[in-house]
1. Among the residues of region 16-45, count how many are in contact with a helix residue (DSSP H, G or I) (Cβ under 7 Å, 6 or more places away or on another chain) and of a type in the set (D, E, K, R).
2. Just to be sure, is Pro95 under 18 Å from the mean Cα position of the chain (by Cα), open to solvent by 50 Å² or more (accessible area, probe 1.4 Å) and closer than 27 Å to Gly138 by Cβ?
3. How many residues are surrounded by fewer than 16 Cβ atoms within 10 Å (Cβ to Cβ), within 24 Å of Asp23 (Cα to Cα) and of a type outside the set (D, E, K, R) when one looks only at region 75-89?
4. So if I check each of Asn123, Asn92, which one is free of Cβ contacts under 8 Å to residues at least 60 places away in the same chain and out of contact with any strand residue (DSSP E or B) (no Cβ under 8 Å at 6 or more places or on another chain)?
5. Can you spot a residue in region 143-153 that is at pLDDT 90 or above, small (Gly, Ala, Ser) and open to solvent by less than 80 Å² (accessible area, probe 1.4 Å)?
6. Just to verify a result, which residue in region 121-142, among those that are modelled with pLDDT of 80 or more and open to solvent by 60 Å² or more (accessible area, probe 1.4 Å), is farthest from Tyr96 (Cα to Cα)?
7. Of the conditions (1) open to solvent by 50 Å² or more (accessible area, probe 1.4 Å); (2) in contact with a helix residue (DSSP H, G or I) (Cβ under 7 Å, 6 or more places away or on another chain); (3) in contact (Cβ under 8 Å) with a residue 40 or more places away in the chain; (4) more than 21 Å from Thr119 (Cβ to Cβ), Leu13 satisfies every one except a single condition; which number is it?
8. Just checking, how many residues over region 98-120 are open to solvent by 30 Å² or more (accessible area, probe 1.4 Å) and under 18 Å from the mean Cα position of the chain (by Cα)?
Amino acid sequence: GDPTDAATTMGPLNNEAVAAKVDAHVAEAVGKGARLLRGGRREADRPTRLYYPPTIVDAVDPAMTIAAEETFGPVVPVVEVASDEEALALTNGSPYGLLASVFTADLERGLRFAEAARTGWVNVNLSTNTWESHLPFGGRSGSISGTGRVGGASVLERFSEWKTILYRMEGAP
């Protein structure tokens with residue numbers, strides 16, 4: 001919807017280059033055998049060509065661009081895995097490392113995955129768009145997602161210059 005309308009939950013994509021990238025990722029996946037379950041095309045009845053509906057692409061191979069690169073659009077590529085170990089290997093094999101999500105009814109299992117995932121942040125039973133600005137956020141060491149953190153106390157430390165002042169009050173020993 002209209003990004004200036006408070007009722008809008010999803011507006012247009014940022015620009016034509018982003019929209020073209022989303023188009024290309026979806027088209028390549030479908031062309032290589034993935035199944036389009038929902039969305040997949042720009043919405044024609046909008047004020048610009050930048051409106052892209054929520055899109056679900058199933059039967060995605062991890063080697064497909066839609067799974068291996070950041071699409072930056074409302075697209076969920078579904079990759080089926082046979083085990084926790086395979087899911088963890090795919091997660092840790094990514095050159096990125098900002099955020100991962102794991103969904104499970106077994107909290108201990110989710111926490112084991114979260115601990116082993118080489119990402120700067122892991123959500124358990126929350127989507128990757130769940131972000132708390134008061135907590136530090138950033139990529140893992142060695143990833144291409146950058147270094148350092150934004151948000152939280154780490155930012156206060158970075159932008160603060162600490163100074164200690166001692167003052168002897170009149171009459172104090």
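1. 2
2. Considered against the rule, which asks whether it is under 18 Å from the mean Cα position of the chain (by Cα), open to solvent by 50 Å² or more (accessible area, probe 1.4 Å) and closer than 27 Å to Gly138 by Cβ, Pro95 comes out as yes.
3. Residues in region 75-89 being surrounded by fewer than 16 Cβ atoms within 10 Å (Cβ to Cβ), within 24 Å of Asp23 (Cα to Cα) and of a type outside the set (D, E, K, R): 1 in total.
4. Checking each option against the conditions leaves just Asn92.
5. no
6. Filtering region 121-142 for residues modelled with pLDDT of 80 or more gives 121-127.
Checking the rest, the ones that are also open to solvent by 60 Å² or more (accessible area, probe 1.4 Å) come to 125-126.
Values: Asn125: 21, Leu126: 19 Å.
Only one residue fits best here, namely Asn125.
7. Here Leu13 clears every test but (1).
8. So the answer is 7.
The values are calculated or read from the model by the stated rules, or taken from the named source; none is laboratory data. In this text the structure is predicted, and so the values were computed from the model without any measurement. Cβ coordinates were reconstructed from backbone atoms using ideal geometry, including for glycine residues, and neighbour counts include every protein chain displayed. Heavy atoms of the whole protein, side chains included, go into the accessibility calculation; ligands, DNA and RNA do not. Shrake-Rupley method; radii C 1.70, N 1.55, O 1.52, S 1.80 Å.
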